[in-house]
Amino acid sequence: MNRRRFIANTFAATAGMALSLPKRSHARPGPNDIVNVAIIGIRGANKGHPTWTTRGRGQDHYEHLAGIANVRITHVVDVDERHFKDSLSLLTQKYGGSPKTETDFRRVLDNRDVDAVTIAAPDHWHALMTILACQAGKDVYVEKPVSHNIVEGRKMIEAVRRYGRVVQAGTQRRSGGALARAVQFLREGGLGAVHGGKIVVYRARDPIGVAANSPEPPGVHYDLWLGPAPARPFNENHFHYHWHFFWEYGTTDLGNTGVHSLDAVRWLLGKREHPRSVHCIGGLYEAGDRTDQATPNTQYASYQYADGTELHCDLRNWFSGPREAQGIYIFGSKGWMKVGDDSAQVYFGRKNEPGPTLIADEKRDPGQPHFENFIECVRSRKVEDLKAPIEEGHLSTTLCHLGNISYRVGRSLKFDGATERFEGDEEADKLLGRTYRAPYVLPDGT
């Protein structure tokens, strides 16, 4: 059976059939050849919520890719055709290009001329799209969090290794100069023995409100948007951006914004393993009956590694204090460090005597060099040069999942990093994966 017919059959109403694509190999672009890239997800602005992001992440993908020599954006994929008329037209006017549009990402995977895809779809699609792209012979840039659950993250790693793909996680702070200098300072013993870290993330988000079910808007391919998530009637509060705050699609703000800082602090601490324990408390505060939101807007998570190193996360989506309190904190035997987006400040001893201020050699949005690094590795095939390989993305994303699982079961948990299961807790183990809606099922054996 050819692949095109396979796709048509797979996504027909054939209950229980898993998504699977044959491995595809083709010539990779050389150092000076054009790299053809398709962007999946180009969502437009959120209307009515000025405190929230007003630009879809896929639009950032377009800007960054357009700024790299010998990269051609050949396709833009979105299940909401309305975005082709507004968002995409503005992007082409500003950054150039004339990509084709698709509503179904599978057609892009079937196109032999596409070398790589970037994924800015909702969390519940990240793993499945990545695995299918790997099977189709495409390299992948996948947004954070890389997965919707821990089982998916491991499946992604297996697929990347099996098919020899280049996959970059969208934790772009890894390409930031100030953070890299802070990591080097710690590795050289600048703070002595490092024993802990903390992240503080405050976002004053308004409640999403209450919305009734409604007909699907014209141009919205809703079943494909739902994908592996449970079937339910269309509802605006379960759709663009608001999906972050429902367990079926999102990973709470731990996975939405917190993952960037969790990834950074884990890199600073030098931890390339899972923690041994986790405890997370919080709640949905100050929203009352003004919201459909199911996930918490406040979470405090604590993790401990096998050697006793501690990591704490203070995340609040309501009135929380000055922006100056936000940041990443590292604690060592000589003093402590606060790491921000553009610099890191060191303090020594009991009197908090100012130490060096670590600043990047060049002030630059880390998103651009992060995409440049991805494209460089697509050309060279040197996955060891990736700033955020899938293994790192999985470790950081798992911190989010562990915190959410502890919150949902309401207790501290012991985690076995080798098996990626909880110790003696069947209830928590049930939240390691999810039930998939046929036919949008993870392929067996990747």
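I need a count of the residues in the stretch 68-89 that are in a strand (DSSP E or B) and either more than 18 Å from Pro218 (Cα to Cα) or more than 23 Å from the chain's Cα centre (by Cα) (or both).
Within the stretch 68-89, residues that are in a strand (DSSP E or B) and either more than 18 Å from Pro218 (Cα to Cα) or more than 23 Å from the chain's Cα centre (by Cα) (or both) number 6.
Being at pLDDT 65 or above and among the hydrophobic types (A, V, I, L, M, F, W, C) is the filter here, so list the residues in the stretch 26-39 that pass it.
Within the stretch 26-39, Ile34, Val35, Val37, Ala38, Ile39 qualify.
Return the pairs, sorted by first residue and then second, in which the second residue is of a type in the set (A, V, I, L, M, F, W, C) and at pLDDT 95 or above, the first residue lies in the stretch 90-111 and is farther than 22 Å from Pro122 by Cβ, the beta carbons are less than 7 Å apart, and the residues are 6+ apart or on different chains.
From residues that are farther than 22 Å from Pro122 by Cβ, the pairs are Tyr95/Ala66; Gly96/Ala66; Gly97/Ala66; Gly97/Ile73.
From Ile42, Ile119, grab the single residue that is buried (at least 18 other Cβ atoms within 10 Å of the Cβ), of a type in the set (Val, Ile, Thr), at pLDDT below 95 and under 30 Å from Tyr202 (Cβ atoms).
Residue meeting the stated conditions: Ile42.
Report the residue count in the stretch 324-348 for those that are over 15 Å from Val183 (Cβ atoms) and small (Gly, Ala, Ser).
Number satisfying all stated conditions: 4.
Filter the stretch 202-228 down to the residues that are in contact with a Ser or Thr (Cβ under 7 Å, 6 or more places away or on another chain) and in a strand (DSSP E or B), then identify the one that is nearest to Val259 (Cα to Cα).
Ranking the qualifying residues of the stretch 202-228, first place goes to Tyr202.
Residues that are of a type in the set (Asp, Glu) and under 23 Å from His401 (Cβ atoms): find the strands (runs of 3 or more DSSP E) completely inside the stretch 299-368 holding 2 or more of those.
Strands (runs of 3 or more DSSP E) meeting the threshold: 310-316.
Would the stretch 339-358 turn up any residue that is exposed (fewer than 13 other Cβ atoms within 10 Å of the Cβ) and touching an Asp or Glu at 6+ places or on another chain (Cβ under 9 Å)?
For the stretch 339-358, residues exposed (fewer than 13 other Cβ atoms within 10 Å of the Cβ) and touching an Asp or Glu at 6+ places or on another chain (Cβ under 9 Å): absent.
For the list (1) in a loop (DSSP other than H, G, I, E, B); (2) more than 18 Å from Leu315 (Cβ to Cβ), I need the number of the one condition that Glu286 fails.
(2)
Do you know which residues across the stretch 380-431 are more than 25 Å from Arg165 (Cα to Cα), assigned to a loop (DSSP other than H, G, I, E, B) and touching a residue at least 24 places away in the same chain (Cβ under 8 Å)?
Within the stretch 380-431, Arg411, Ser412, Leu431 meet the criteria.
Quick check on Ala294: is it at pLDDT 95 or above, touching a His at 6+ places or on another chain (Cβ under 8 Å), within 29 Å of Pro207 (Cα to Cα) and not acidic (Asp, Glu)?
no
Against the condition closer than 17 Å to Arg266 by Cβ and acidic (Asp, Glu), how does Glu426 come out, does it pass?
no
The values are calculated or read from the model by the stated rules, or taken from the named source; none is laboratory data. Bear in mind the structure is a predicted one, so any value in this text is a computation, not a measurement. Glycine gets a Cβ as well: all are built from the backbone with ideal geometry, and neighbour counts include every protein chain shown.
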